[in-house]
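Written below as structure tokens is the structure these notes are about.
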Amino acid sequence: MKSFELMQSPLAGVQLIEAGAGTGKTYNIAALFLRLIVERGLGIHEILVVTYTKAATEELKSRIRHRLVSAKTCLIYGSLDKLVDAIVERCGDRDIALQRIVDALTDFDRAAIFTIHGFCQRLLNHFCL
């Protein structure tokens, strides 16, 4: 299995993060989510995160939102976060990065963070009913 490198991970296509408990999956998913918002300029509704359990889904929602709030705070008051600095540097414009994060937080209720079952049910409801 190949080692995961957060800042070298491609932001296009489907990415699978598979690892045991306590290995940093949630941290990395939240950071990838931030990268997609800031670096790629994706809207919150354009990102899909799928996990196994309801508890994991709630944890991901909480941690992703916290990562966005933390990044916003860093950009407003001065960054103390090397990851945020690196992501903003890749974006190339601090003001654009901040606006993208603010927009993501404003629309956070539209975030597609589901259990596998919930995602499948939503697709079935959308396309079959």
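The values are calculated or read from the model by the stated rules, or taken from the named source; none is laboratory data. Treat the numbers as computed from the prediction; the structure is a model and nothing was measured. Neighbour counts run over all protein chains shown; Cβ positions are idealised from the backbone, glycine included.
Picking from Val14, Val49, which residue would you name as being in contact with a strand residue (DSSP E or B) (Cβ under 7 Å, 6 or more places away or on another chain) and either modelled with pLDDT under 95 or more than 18 Å from Ala104 (Cα to Cα) (or both)? Walk me through it before giving the result.
Values: Val14 fails: in contact with a strand residue (DSSP E or B) (Cβ under 7 Å, 6 or more places away or on another chain).
Result of the check over Val14, Val49: Val49.
For Arg40, work out the one condition from (1) over 13 Å from the mean Cα position of the chain (by Cα); (2) outside any helix (DSSP H, G or I); (3) closer than 20 Å to Ala111 by Cα it doesn't fulfil.
Result: Arg40 passes all but (1).
Looking at Thr23 and the list (1) β-branched (Val, Ile, Thr); (2) modelled with pLDDT under 90; (3) touching a Lys or Arg at 6+ places or on another chain (Cβ under 9 Å), which single condition is not satisfied?
So Thr23 meets the others, but not (3).
Return the residues of the range 87-96 that are assigned to a helix (DSSP H, G or I) and either within 14 Å of the chain's Cα centre (by Cα) or at positive phi (or both); say none if nothing qualifies.
Ile87
Using the structure shown, decide if His45 is without any contact (Cβ under 8 Å) to a residue 40 or more places away in the chain, over 18 Å from Met7 (Cβ atoms) and surrounded by fewer than 18 Cβ atoms within 10 Å (Cβ to Cβ).
On the way: without any contact (Cβ under 8 Å) to a residue 40 or more places away in the chain: no; over 18 Å from Met7 (Cβ atoms): yes; surrounded by fewer than 18 Cβ atoms within 10 Å (Cβ to Cβ): yes.
No; evaluated as a whole, the condition is false for this residue.
Find the residue count for the range 66-96, including only residues that are hydroxyl-bearing (Ser, Thr, Tyr) and within 20 Å of Ala111 (Cβ to Cβ).
2
Criterion first (crowded, with 18+ Cβ neighbours inside 10 Å, in contact (Cβ under 8 Å) with a residue 60 or more places away in the chain, in contact with a strand residue (DSSP E or B) (Cβ under 9 Å, 6 or more places away or on another chain) and farther than 16 Å from Thr115 by Cα) does Ile37 satisfy it?
Numbers: crowded, with 18+ Cβ neighbours inside 10 Å: yes; in contact (Cβ under 8 Å) with a residue 60 or more places away in the chain: yes; in contact with a strand residue (DSSP E or B) (Cβ under 9 Å, 6 or more places away or on another chain): no; farther than 16 Å from Thr115 by Cα: yes.
Taking the combined requirement at face value, the residue does not satisfy it.
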